[in-house]
1. Can you give the Kirkwood hydrodynamic radius for region 7-55, in Å, rounded to one decimal and based on Cα pairs?
2. Please list, or write none, the lysines whose alpha carbon is within less than 29 Å of the alpha carbon of Lys42, excluding same-chain residues fewer than 8 places away.
3. Which ³J(HN,Hα) values, rounded to whole Hz and listed in residue order, are derived for region 52-63 from phi using the Karplus coefficients 6.51, -1.76 and 1.60 in 6.51 cos²θ - 1.76 cosθ + 1.60 with θ = phi - 60°, glycine and proline given as x?
4. Based on the Cα atoms of region 46-90, what semi-axes does the equivalent ellipsoid have, where each is the square root of 5 times one gyration tensor eigenvalue, given in whole Å with the largest first?
5. From the phi of every residue in region 88-103, what ³J(HN,Hα) in whole Hz does the Karplus formula 6.51 cos²θ - 1.76 cosθ + 1.60 yield, where θ is phi - 60° and glycine or proline is x?
6. Would you be so kind as to identify which of Ala60, Ser21, Gly84 lies farthest towards the positive end of the dipole of the chain, taking Lys and Arg as +1 and Asp and Glu as -1 on Cβ and the Cα centre as origin?
7. Quick one: go through region 89-117 and flag any residue whose amide nitrogen is under 12 Å from the point 7 Å out along the Cα-to-Cβ line of Leu11.
8. Over the chain, with the other protein chains present, what is the accessible area per residue in square angstrom, probe 1.4 angstrom?
Amino acid sequence: QVQFVESGGGLVQVGGSLRLSCTISGTSGSTYTIGWYRLGVKKERERVASSSWSGATDYASSVKGRFAISRDNTKNTVYLPMDGVKPEDTAVYYCNTPLGDDWLARWGQGTQVTVSS
């Protein structure tokens, strides 16, 4: 059973930094595109960033230049360093792999990021 476990969230001040981690179990993450998603106060899931198996990355316009997704395939882990955080970055962050209309794994617990002003 494939699982994604998110960690690294916390309380951070505006302009501060955090690094989120997504550890994959049950499969090799190196063969998949893995994305970070967040669920904020509007309760709408937003794709934040993604990293393809080939190394290509993509970002939501709201985080471009501030977040930088990376992956360590030897640790089966995908990271999301967040710099220059803003109050609107406050959300629960999740990782997963889209498979058409479905997802590779059930959604995990996520990790809460709260940005204080």
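The values are calculated or read from the model by the stated rules, or taken from the named source; none is laboratory data. Everything quoted here is computed from the prediction, not taken from an experiment. Backbone-built Cβ (ideal geometry, glycine too); neighbour counts: all protein chains shown. Surface accessibility is based on the protein's heavy atoms, side chains included, excluding ligands, DNA and RNA. Shrake-Rupley method; radii C 1.70, N 1.55, O 1.52, S 1.80 Å.
1. Computed over Cα pairs of region 7-55, the Kirkwood hydrodynamic radius comes out at 13.0 Å.
2. Once the sequence-local lysines are set aside, what remains near Lys42 is Lys64, Lys86.
3. So the J values, rounded to whole Hz, are 7, 5, 8, x, 5, 10, 8, 9, 5, 4, 5, 10.
4. 21, 12, 8
5. With the stated coefficients, region 88-103 comes to 6, 7, 4, 4, 8, 9, 10, 10, 5, 10, x, 10, x, 8, 10, 10 Hz.
6. Going by the charge dipole, the pick is Gly84.
7. 114-117
8. I get 54 Å² per residue for the chain.
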